[in-house]
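Colleague: Got a structure for you, written out below as structure tokens; questions coming shortly.
The values are calculated or read from the model by the stated rules, or taken from the named source; none is laboratory data. All values reported here derive from a predicted model rather than from experimental measurement. Cβ: placed from backbone, ideal geometry, glycine included. Neighbour counts: every protein chain shown.
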Amino acid sequence: MPKRYALLVDLRKCVGCTSCQVTCKMECAVPIGYFRAKVDFADVGDYPVAKRHFFPKLCNNCDEPPCVLPCPVPGATYKRKEDGVVMVNRDLCIGCGRCLKGCPYGARFLHTRIPVKNDPAKYAKDVSEVQGKAAKDLRVVDKCDYCSHLLAAGIEEPACVRNCAGKARFFGDLKDPNSAISKLKASIKTEDWHPEYGTKPMTPYIATDKEVFKAADGPLNG
């Protein structure tokens, strides 16, 4: 039976240490200035009633991924049938950036150090973003894929989960009722970030203070 991987973040335990962010950069060779996973913080209120919210963000690997439809190259961005992970095929991506605009969570970026391999000239007639550009001048899209290289090696634990100092991140198969993430999700109410988008995100949050979601959309990292 196909799996359905998800990554749950328990905001009650997140201390904003950014170990997930640093670990992800090291594990996945993420270029400076870009993130597969990051922790934003927002200060709300005024002294003496003030709070700081920490809000980890990553690709939601949505069940209805809005990034797939805008992609002009079949198979360049796709959702895997065996586990639901949304993937980028670097051999097919032409770096047009349409999927970036399609992601409402801002979870994708163009990798500054990896040029595209697929000849953009084949698509230039219909894809204005690559018209007149050579492959060497375009960059492939990158994003969190739950450390797919580790999953391929049989390690069902992304690097950010393994190194979360506060033990605030849980990863596993939601279709397995005995998995830690399934048991936790069944025991407590979880929230999605912007469920109104209709993407069915696979990054549920445990958030006792719902204000954190509003803060995550406001001024950050001030």
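Colleague: Looking only at the stretch 59-105, count every residue that is under 25 Å from D176 (Cβ atoms), outside any loop (DSSP other than H, G, I, E, B) and either in contact with a Pro (Cβ under 9 Å, 6 or more places away or on another chain) or without any contact (Cβ under 8 Å) to a residue 60 or more places away in the chain (or both) and tell me the total.
Modeller: 3
Colleague: Run down I155, I94 and say which single residue is of a type in the set (A, V, I, L, M), out of contact with any Ser or Thr (no Cβ under 6 Å at 6 or more places or on another chain) and exposed (fewer than 14 other Cβ atoms within 10 Å of the Cβ).
Modeller: Step by step, each of I155, I94 is checked, and only I155 is of a type in the set (A, V, I, L, M), out of contact with any Ser or Thr (no Cβ under 6 Å at 6 or more places or on another chain) and exposed (fewer than 14 other Cβ atoms within 10 Å of the Cβ).
Colleague: Then there is this: So, in the stretch 78-130, of the ones that are under 15 Å from the mean Cα position of the chain (by Cα) and of a type in the set (V, I, T), which residue ends up nearest to P66 (Cα to Cα)?
Modeller: V86
Colleague: While we're looking at this one, here's another question. Look through the stretch 205-219, keep the residues that are among the charged types (D, E, K, R) and in a helix (DSSP H, G or I), and return whichever of them is farthest from P65 (Cα to Cα).
Modeller: As a first pass, look at the stretch 205-219 and keep what is among the charged types (D, E, K, R): 209-211, 214, 217.
Imposing the further condition that a residue be in a helix (DSSP H, G or I) reduces the set to 211, 214.
Details: E211: 26, K214: 22 Å.
For the stretch 205-219, the residue satisfying everything is E211.
Colleague: Give the number of residues within the stretch 146-204 that are more than 15 Å from the chain's Cα centre (by Cα), assigned to a helix (DSSP H, G or I) and among the small types (G, A, S).
Modeller: Number of matching residues: 5.
Colleague: Take the stretch 107-123 and flag every residue that is surrounded by 16 or more Cβ atoms within 10 Å (Cβ to Cβ) and assigned to a loop (DSSP other than H, G, I, E, B).
Modeller: Across the stretch 107-123, the qualifying residues are A107, R108, V116, N118, Y123.
Colleague: Would you check if Y47 is at pLDDT below 95, assigned by TED's automatic domain parsing to the domain that holds V161 and hydroxyl-bearing (S, T, Y)?
Modeller: The answer is yes for Y47.
Colleague: Could you tell me which of the residues L58, L69 is surrounded by 15 or more Cβ atoms within 10 Å (Cβ to Cβ) and touching a helix residue (DSSP H, G or I) at 6+ places or on another chain (Cβ under 9 Å)?
Modeller: Numbers: L69 fails: surrounded by 15 or more Cβ atoms within 10 Å (Cβ to Cβ).
The unique qualifying residue is L58.
Colleague: Of the conditions (1) of a type in the set (G, A, S); (2) surrounded by 16 or more Cβ atoms within 10 Å (Cβ to Cβ); (3) in contact with a helix residue (DSSP H, G or I) (Cβ under 8 Å, 6 or more places away or on another chain); (4) without any contact (Cβ under 8 Å) to a residue 24 or more places away in the chain, A134 clears all except one; give me its number.
Modeller: Checking A134 against (1) of a type in the set (G, A, S); (2) surrounded by 16 or more Cβ atoms within 10 Å (Cβ to Cβ); (3) in contact with a helix residue (DSSP H, G or I) (Cβ under 8 Å, 6 or more places away or on another chain); (4) without any contact (Cβ under 8 Å) to a residue 24 or more places away in the chain, the one that fails is (2).
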